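Read the structure below first, then the notes.
The values are calculated or read from the model by the stated rules, or taken from the named source; none is laboratory data. All figures in this text were calculated on a predicted structure; none of them were measured in a lab. Cβ sites come from the backbone with ideal geometry, for glycine too, and all protein chains shown count toward neighbours. Quick note on the areas: whole protein, heavy atoms, side chains included, nothing else; ligands and nucleic acids left out. Shrake-Rupley method; radii C 1.70, N 1.55, O 1.52, S 1.80 Å.
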Amino acid sequence: CKNRHWPDLVGAGFFSANGYESVTGGPFVCNIYEIEGIDVFYNKYESVRSDDEQLKVIVEKKISNHSLTVYDQVVSFAAGGEIAQQITAKPILRDSVIGPAVLVIRFEAPGVKVDSVLDFFKASYFPRLAAYGGFIRGRLLRQAEKHPVYPSNQSEWCVVVEWASLSDACNSEVLLSKILADTNGTDIVSDVIENVAKHVCSFRNSEVWG
């Protein structure tokens with residue numbers, strides 16, 4: 001990936017490609033790609049995907065549980081407590097995915113107002129996490145339009161929390177249930193799936209970051 005496929009993706013307009021491998025939960029490959037929006041999956045990307053015969057073999061015959069889920073970043077909570085803006089066409093490098101390890105939480109919020117989900121994570125979950133050493137950034141994501149070729153059946157909501165070490169990330173797995181119980185958040189978050197993944201490598205588009 002890092003020698004050929006990821007450079008191709010960056011050349012097609014991706015902001016970055018970040019490789020993570022799960023140490024608890026799954027899927028094992030938990031890559032995070034930063035993009036401007038759904039339009040990136042057309043034009044140059046379509047040529048990259050259709051022309052790469054090796055990629056087709058890998059996706060169709062060597063990968064199980066393959067899923068490409070497109071999320072909008074709706075909240076970004078930094079270690080200092082700042083709530084950053086959503087990623088724009090000219091993102092700031094310090095806001096990129098940089099964590100040596102991540103906690104990934106996928107969940108549903110059936111019948112819950114979007115504002116209630118946002119408020120829980122901005123006012124309760126992320127501030128509580130930020131009090132722990134090793135916290136870098138928490139991101140709340142909501143599923144956007146589907147990938148045009150590989151539409152996802154994953155959860156509507158996702159949280160990605162970046163940690164300074166793998167041990168910090170592993171220790172944080174137990175915190176969600178505790179915070180939910182302390183804040184009555186069980187009425188908001190349901191069907192939780194968690195995994196912790198370690199960073200393997202990253203490839204960034206040097207032309208788009210501000």
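Leaving out ligands and nucleic acids, note down the accessible area per residue over the range 107-210 with a 1.4 angstrom probe, in whole Å². Write down the numbers at each step before the final one.
Values: 5010 Å² over 104 residues.
With all protein chains present, the range 107-210 gives 48 Å² per residue.
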Find which of PRO110, ILE193, SER165 sits farthest along the positive direction of the dipole of the range 84-210, computed with +1 on the beta-carbon of Lys and Arg, -1 on that of Asp and Glu, about the Cα centre. SER165
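Calculate, in nm to one decimal, what ARG128 and TYR42 gain on full extension: separation in residues at 0.36 nm each, minus their alpha carbon distance.
Working: separation 86, 0.36 × 86 = 30.96 nm, distance 3.97 nm.
Gain on stretching ARG128 to TYR42: 27.0 nm.
With a 1.4 Å probe and all protein chains left in place, how much of the accessible area of the range 124-183 comes from carbon and sulfur atoms, in whole percent? Write out the running numbers ahead of the final one.
Values: 1320 of 2520 Å².
Its accessible area is 52 percent carbon and sulfur atoms.
Which of the peptides 168-175, 112-119 is most tightly packed, and how do the rest follow, judged by the mean count of other Cβ atoms within 10 Å per residue?
Values: 168-175: 17.6, 112-119: 13.0.
Output ranking for 168-175, 112-119: 168-175, 112-119.
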Cα centroid separation - the range 138-210 against the range 90-132, whole Å: 7 Å
Measuring from label point to label point, each 7 Å out along Cα→Cβ, what is the GLU145 to ILE193 span in nm? 2.4 nm
Extension gain, GLU82 back to CYS170 (0.36 nm per residue minus Cα-Cα distance, nm): 29.3 nm
